[in-house]
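Every number in this text was worked out from the coordinates using simple rules, so none of it is lab data. These figures come from a predicted structure and were not determined experimentally. Reconstructed Cβ throughout: ideal geometry from the backbone, glycine too, with neighbour counts over all protein chains shown.
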Ligand code: AMP
C-alpha cells in the first residue's frame with residue numbers, strides 16, 4: 001500500500017494509472033476502521049483494479065466540537081487492516097492540505113429538503129461539511145466508482161446529489177450495513193460506549209426490527225411510538241425515530257401497503273450519538 005499525504009502526488013500517481021486503463025475505486029473514511037469500512041474496501045476490490053481509501057476526520061462536518069475532539073484515532077491499526085485487506089493507496093491528508101485557505105467561509109450547497117429532514121434537522125451544517133470534504137476528495141481522486149455505506153443512508157443520498165451537481169461520471173455503490181453479532185451497526189463511535197451502554201446499544205436494531213416486523217398499511221404513529229418506548233426503556237435520548245420513503249427520504253406517518261419505506265433512528269446513549277436504519281417494506 002502506498003501512503004500519500006499530498007494531493008498533488010496522489011493525483012500524479014492516479015493519472016499514470018489512468019493512462020494504463022486501470023479503474024479506480026474510492027472509499028472515503030474518517031478512520032477508526034472496523035469491519036464495516038473493510039467491507040467497502042472488499043466490495044471496491046471486486047469492481048475496480050486500484051482501491052484508494054482516505055482517512056480524514058473532516059472538521060467542517062462536526063456540528064458538535066466535542067464530538068470532533070473525541071473522535072477516535074487508531075491510525076496504526078487502520079494502516080495494518082487496510083494493508084491486510086489489499087488496499088492499494090491510502091490518502092492521509094492534513095486539514096491544511098484539504099482546506100489550504102481556511103475551514104471558514106467555505107462554499108454552500110443547495111441541498112433542498114435533504115438538509116432539513118432527519119440528520120439535516122438535528123445536525124445543522126453537517127451535510128454542508130460532507131459536501132465540502134467530498135467535493136475536494138472527489139476532485140483529487142476522480143474515481144470511477146465510489147463506495148459508501150447504507151449505514152449513513154441520508155449521506156448516500158446527499159453524495160449522489162453531489163456527484164450530479166459536480167457532473168461527475170463516478171458510479172455510486174451503496175454497501176449494506178455490517179453489524180455486530182447482536183445486531184448493533186458497526187460504527188467508530190461504538191468504541192466510545194462504556195460497557196454498560198454497549199450492552200444496551202442493540203436496542204436501536206431491535207426497534208428497527210420491531211417496525212419491520214409489525215408494519216401494516218394505515219397509520220404508523222402507534223408503531224413509531226412503540227419503537228420510541230423500546231429505546232427510552234433502555235435509557236436512550238431520542239433525536240428521531242422516523243419512517244421515510246426509501247427513494248426520496250420524505251418522512252411519512254402512513255403506509256399505503258406498496259410504498260418502499262426505510263425506518264431511521266438517531267439517539268444518544270450518554271454522550272454517544274448512534275444512528276441506524278433499515279428497509280422495512282419490500
Ligand atoms: P466514517 O468513517 O464513519 O465516515 O464512514 C466511512 C464510510 O464507511 C461511510 O461510507 C460509512 O457509511 C461506511 N460505514 C460506516 N459504518 C458502516 C457499517 N457498519 N457497514 C457498512 N458501511 C459502514
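Full extension of the chain between residue 3 and residue 268 gives 91.9 nm of extra length, using 0.36 nm per residue less the Cα-Cα distance. The label point for residue 46 and the one for residue 108, both projected 7 Å from the Cα toward the Cβ, are 4.2 nm apart. What the Cβ-Cβ distance of residue 282 and residue 160 gives, at R0 = 25 Å and to the nearest 0.05, is a FRET efficiency of 0.70. With the highest mean first, a sort of the peptides 6-16, 270-280 on other beta-carbon atoms found within 10 angstrom per residue produces 270-280, 6-16. Once the Cα atoms are used to define both axes, helix 7-19 deviates from the longest principal axis of the chain by about 80 degrees.
If each residue of separation counts as 0.36 nm, what is the full-extension length gain between residue 213 and residue 84 once their alpha-carbon separation is subtracted?
That pair, residue 213 and residue 84, stretches by 42.6 nm at full extension.
Report the calculated FRET efficiency for residue 233 and residue 75 (r = Cβ-Cβ distance, R0 = 25 Å), to the nearest 0.05.
Using R0 = 25 Å, I get an efficiency of 0.05.
Estimated from helical segments only, the mean residue ellipticity of the chain at 222 nm is -11500 deg cm²/dmol, where each DSSP H run of four or more residues counts as -39500 (n - 2.57). In degrees from 0 to 90, rounded to the nearest 10, what is the angle of the helix 203-214 Cα long axis to the longest principal axis of the chain? Around 60 degrees separate the two axes.
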